[in-house]
Amino acid sequence: MYKKVLVVDDSALMRRVICDIIDSDERFRVVSRATNGMEALELLRRNKYDAVILDVNMPKMNGLELLENLGKEKIETKAIMASTDTKEGAKVTLDALELGAVDFIHKPDNVNDCRADSFKSKLINILLAVTESEHIPQYGKTKPKEDDFTNKVIEMARKHTASVKSSKIIAIASSTGGPKALQSVIPKFPADIDAPIVLVQHMPKGFTASLAERLDEMSKVKVKEAEEGDILAKGCVYLARGGKHMNIIRNGSSCMIHYTDEPNREGVKPCANYMYESLANCDFDCTVCVVMTGMGADGTEGIRNLKNKKKVYVISQDQESCTVYGMPKSIAQAKLSDQVVGLEQIAQEIILQVGVTK
């Protein structure tokens, strides 16, 4: 049985192109079309869809307003945003992900580029991962919760941090559902966490800088889009730039960021496997690897190779809290996980592993 899809876009040409791509795969069928959010909302009130491909800028009701209404009316569906790569487009995409959209597809400015095989395969892969996931998104704005238990964990870490120092690093990988999930992890870190944090989130060029800015605004630790030559410092998160592979290399007694431009690996760029494997050449006493929500298997090969050479502790996100249980599932099936925990527990477990500075 095919999955039912609703396509919402005010451009007749773009609607036709996206519908043709979806209908070319027998696993999916576009059963409804809408030209704005108001039309889409009426359709969603009356019908059930396995996924919605949703444009942002539309008359009468835009994509963000539709997501807010889905939350108010408690309508269950899975929205995938069609986004542009402008700075404003990146900001609005992150707004949409915070409102509950499960993923986004970068929509090229040129319609002919939408007919390219790379765009077609990406759209179908996202649709497949999202529609097969058991995750039910919650739409609408949510206020960050004060986490009393995490605060207690931080105080406990301050009291019991060992006087004999060891050098540690936290290496996080995430993909589909990651931008929102990271907001339940990074802001919980104390400013004096006793490790630098390196992070690969699968996103195109132009989106990672906006994500870093947003996480930085809500966090005690510093969050930045990693730059070539950055020296790793404790209490700082280095987010890999979209479109490049981030490696960690030795620089005297320190380690620093180095970008490379190899082809896509695991179909993505940046690829977490490169990040994990590069850590084998660094002098950290322990690497805490964290694999969160996302489709595919990025991270598994890299962590396996790293674990053969270094002391590694692996935390993977559980199925129940994942938007898409792909990357963490691959880690668990490869028997690489030391812990499998829910999203809300990830920060606590990381803090317990690395401690705080004294």
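Quick notes on this one:
- Built amide H within the under 5 Å cut-off of residue 107, gap 5+: 83, 84
- Applying D = kT/(6 pi eta Rh) to the range 148-354, where Rh is the Kirkwood radius over alpha-carbon pairs, T corresponds to 25 °C and eta to 0.890 mPa s, the Stokes-Einstein value obtained is 148 µm²/s.
- In this structure, the amide hydrogen of residue 313, modeled 1.01 Å from its nitrogen in the peptide plane, lies closer than 5 angstrom to those of 287, 288, 289, counting only residues at least 5 positions away or on a different chain.
- Calculated from backbone phi, Karplus (6.51, -1.76, 1.60) coupling profile of the range 329-338 in Hz, x at Gly/Pro: 5, 4, 4, 5, 5, 7, 6, 9, 6, 8
- Couplings for the range 313-324, taken from phi via the Karplus curve 6.51 cos²θ - 1.76 cosθ + 1.60 with θ = phi - 60°, read 10, 10, 10, 10, 6, 7, 5, 4, 9, 7, 5, 9 Hz in order; Gly and Pro are left as x.
- Under 5 Å, built H, 5+ apart or other chain: amide partners of residue 205: 243
- Backbone geometry of the range 248-264 corresponds, through the Karplus equation with coefficients 6.51, -1.76 and 1.60 at θ = phi - 60°, to 3J(HN,Hα) couplings of 10, 10, 6, 9, x, 8, 10, 10, 9, 7, 9, 9, 10, 10, 4, x, 3 Hz, x marking Gly and Pro.
- For the chain, the extents of the C-alpha atoms along the principal axes are 64, 43, 36 Å, listed from largest to smallest.
- A protection proxy built from the mean count of other Cβ atoms within 10 Å ranks the segments 267-279, 235-247, 118-130, most packed first, as 267-279, 235-247, 118-130.
- The sum of -39500 (n - 2.57) across all DSSP H runs of n ≥ 4, divided by the residue count of the chain, sets its helix-only mean residue ellipticity at 222 nm to -10000 deg cm²/dmol.
- The lysines whose alpha-carbon is closer than 17 Å to the alpha-carbon of residue 91, local same-chain residues fewer than 8 away aside, are 107, 141, 180, 205, 224.
- Each label point was placed 7 Å from the Cα along the Cα-to-Cβ direction; for residue 125 and residue 2 their separation is 2.3 nm.
- Column: log10 I(q)/I(0), Debye, Cα scatterers of the range 3-132, q = 0.09, 0.13, 0.20, 0.21 Å⁻¹: -0.21, -0.46, -1.18, -1.33
- Ranked by the mean number of other Cβ atoms within 10 Å of their residues, highest first, the peptides 30-42, 317-329 fall in the order 317-329, 30-42.
- Candidate lysines - alpha carbon under 23 Å from residue 310, same-chain residues fewer than 8 apart omitted: 165, 168, 234, 329, 335
FYI, it's all coordinate maths here, none of it is from the lab. What you see is a predicted model; the values in this text were computed from it and never measured. Every residue, glycine as well, gets a Cβ built from its backbone with ideal geometry; the counts of neighbours run over all protein chains shown.
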